[in-house]
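Remarks on the structure that follows.
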Amino acid sequence: MPAPRDDASFARQLERLEEIVRRLEGQELDLDDALKLFEEGVERLRQARDRLAAAEAKVKQVLTDQAGNLKVEDFDG
Amino acid sequence: MGPGLDLFAAVAPEGAWTVGEVTRRARAVVEAGLAPLWVRGEISGFKAWQSGHWYFTLRDKSAQIRCVMFQKDNRRLPAGPRDGMQVFVFARPTVWEEKGEFRLTVLDLLSTEAGGLWQLAFEKAKKALARDGLLDPARKRPLPPYPRRIAVVTSPDGAALRDIIAVTARRWPIAELLVIPTRVQGEGAEVEICAALALLCRLEGLDVAIIGRGGGSREDLWTFNHERVARAVAALPIPVVSAVGHETDVTLCDLVADLRAPTPSAAAEAATPDRGDVATELAHLGARLARGLAARSGRIAERLDRTLDRMAAAMERRLERDRHAVGAAGGRLDALSPLKILERGYALARDAEGQVLKRVAQLTPGLAFRLRVTDGEVAARVGKS
């Protein structure tokens, strides 16, 4: 099987970030929680930026062997 | 029959041919005398048998011929003809011995109507898909905004795949492309595509799929009009973008997909966000985050101030209340003060030592004492009785 999916997919990362921002913009937080959220937000933002910057598209091809098992190889088309 | 057949013997009943012999002979004569040829006429009594062979009658105003088109010849065609359709057939005239019937073995069949068999097959399959609700717009799923794994079902050496890779690498290199190679045209291509789609269903963690190919002739694109391919596309567990041929070609595969893109490049664009746009979005989020915290802490400072103000106000009110209370208590104390009583006209008698003289016995005749009234003290003496 191909490599397992990242736990923090980019989509989830962004969703969480948006949630953090919304909560910070909301009314119901004490300073301590606000600071914690802010720190988490900054960290997630940094991770997301790093991923955007570092990414290089991977192309693989999916084949089956004679027994019908999936094989994933690098694709060099 | 055969080389020993004696034609002269057959003029007498004794030399009669068998049915088999005469039909075999007729068949040999017809096949030798009429090479394969094009025939035009109108279809009637069309019937496709379970075996895949087609039987029909070709006729015009004056005559009719039974025709058969075997499965090996008709499988290249998208669909059987309709009764009443004007067609050209390329056929070998023969005699069908079992029925003693003159007929045409059809090798190819063209419709003279606009769109012909292709259009007919398309409409038929489309109707079947619609009947099963597969063309319902409500079925269309939104594409994921930030896909991580994109499956691509196409020919491994077509321009379509190169375009999809190039666009994805430029726009959204975070994605991993999983190419599932398949033939996209030619006989049996539809079976290969269905197998590729089945393979796709076994992959985990896919976010979106792209299926398609570059432009080509109607026959080349036909693979994507197979009802079977369309049903396999409709059954995919993830959203799928279809891009078959050019803008003007709409296939059944396009119709059942969650999104139809005009070209493979456009499909890759539709399936991916642009990295630059996402970076801008991140910058916005960063700004909102900072503003959010500033506003948050600003609000907290304000609230602190307000709290202090309220505390001060409360203290003040408290003090005020205390002051009043002290005043009231002072009043009550006053009322109890003996001086207040003197004010009402009473007087206080004390002897030289300051002892209060409360009883007659203490006030012996001639005793000098002091009398305290409200505004002072005077000397007094008990009169001699």
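Cβ separations smaller than 8 Å between residues 6+ apart or across chains give the following pairs from the range B:113-131 residues that are closer than 13 Å to B:L77 by Cβ to residues that are assigned to a helix (DSSP H, G or I) and at pLDDT below 85: B:W118/B:R218. Criterion applied to A:L14, A:L29, A:L37 was being at pLDDT 80 or above, facing chain B (nearest Cβ under 7 Å) and out of contact with any Ser or Thr (no Cβ under 9 Å at 6 or more places or on another chain), and the one residue passing it is A:L14. In this structure, is B:I150 at pLDDT 95 or above and in contact with an Asp or Glu (Cβ under 7 Å, 6 or more places away or on another chain)? Against the criterion (at pLDDT 95 or above and in contact with an Asp or Glu (Cβ under 7 Å, 6 or more places away or on another chain)), B:I150 qualifies. In the range B:201-208, the condition of being modelled with pLDDT of 90 or more, assigned to a helix (DSSP H, G or I) and within 15 Å of A:L63 (Cβ to Cβ) is met by at least one residue.
When B:V68, B:V87, B:V106 are screened for being within 29 Å of B:V250 (Cβ to Cβ) and surrounded by 17 or more Cβ atoms within 10 Å (Cβ to Cβ), only B:V87 passes. The condition of being without any contact (Cβ under 8 Å) to a residue 12 or more places away in the chain, facing chain A (nearest Cβ under 7 Å) and either crowded, with 16+ Cβ neighbours inside 10 Å or farther than 19 Å from B:A261 by Cβ (or both) holds for B:E204. Taken over the range B:151-173, residues that are within 8 Å of chain A (Cβ to nearest Cβ), surrounded by fewer than 24 Cβ atoms within 10 Å (Cβ to Cβ) and touching a Leu at 6+ places or on another chain (Cβ under 8 Å) amount to 1. Reported count of residues in the range A:48-62, each being out of contact with any Ser or Thr (no Cβ under 7 Å at 6 or more places or on another chain) and closer than 22 Å to B:D163 by Cβ, is 7.
In summary, B:L199 fulfils each of the numbered conditions (1) closer than 15 Å to B:V179 by Cβ; (2) in contact (Cβ under 8 Å) with a residue 24 or more places away in the chain; (3) within 14 Å of another protein chain (Cβ to nearest Cβ) with the single exception of condition (2). When B:F224 is tested against (1) surrounded by fewer than 21 Cβ atoms within 10 Å (Cβ to Cβ); (2) assigned to a helix (DSSP H, G or I), just one condition goes unmet, and that condition is (1). Checking each residue in the range B:44-85 for being assigned to a strand (DSSP E or B) and closer than 14 Å to B:D108 by Cα picks out B:W54, B:Y55, B:F56, B:L58, B:C67, B:V68, B:M69. More than 8 Å from chain A (Cβ to nearest Cβ), under 16 Å from B:S242 (Cα atoms) and hydrophobic (A, V, I, L, M, F, W, C), is that true of B:V179? Taking the combined requirement at face value, the residue does not satisfy it. Kindly indicate the residue of the range A:26-64 that is assigned to a helix (DSSP H, G or I) and among the small types (G, A, S) and also farthest from B:D277 (Cα to Cα) among those meeting that condition. Once the filter is applied, the top-ranked residue is A:A34. Scanning the range A:48-77 for residues that are closer than 30 Å to B:A287 by Cα and either exposed (fewer than 14 other Cβ atoms within 10 Å of the Cβ) or of a type in the set (F, W, Y) (or both) gives A:D50, A:A53, A:A54, A:E56. Before we move on, is B:P93 in a loop (DSSP other than H, G, I, E, B) and in contact (Cβ under 8 Å) with a residue 60 or more places away in the chain? Criteria not met by B:P93. B:P147 falls short on exactly one of the conditions (1) assigned to a helix (DSSP H, G or I); (2) within 14 Å of chain A (Cβ to nearest Cβ); (3) under 20 Å from the mean Cα position of the chain (by Cα), and that condition is (1). Within the bounds of the range B:285-301, is there any residue that is at pLDDT 85 or above and in contact with a Lys or Arg (Cβ under 8 Å, 6 or more places away or on another chain)? Looking for residues that are at pLDDT 85 or above and in contact with a Lys or Arg (Cβ under 8 Å, 6 or more places away or on another chain), one finds none in the range B:285-301, hence no.
Taken over the range B:234-278, the criterion of being in contact (Cβ under 8 Å) with a residue 12 or more places away in the chain, out of contact with any Lys or Arg (no Cβ under 7 Å at 6 or more places or on another chain), within 14 Å of chain A (Cβ to nearest Cβ) and part of a helix (DSSP H, G or I) is satisfied by B:P264, B:A268, B:A271, B:V278.
Of all residue pairs spaced 6 or more apart or on separate chains, those with beta-carbon atoms under 6 Å, a first member in the range A:58-71 that is more than 10 Å from chain B (Cβ to nearest Cβ) and a second member that is assigned to a strand (DSSP E or B) are A:D65/A:K71; A:K71/A:L63. All conditions but one from (1) surrounded by 13 or more Cβ atoms within 10 Å (Cβ to Cβ); (2) out of contact with any strand residue (DSSP E or B) (no Cβ under 8 Å at 6 or more places or on another chain); (3) modelled with pLDDT of 90 or more apply to B:F122; the one that does not is (3).
The values are calculated or read from the model by the stated rules, or taken from the named source; none is laboratory data. These figures come from a predicted structure and were not determined experimentally. Counting neighbours? That spans all protein chains shown, and the Cβs are built from the backbone with ideal geometry, glycine included.
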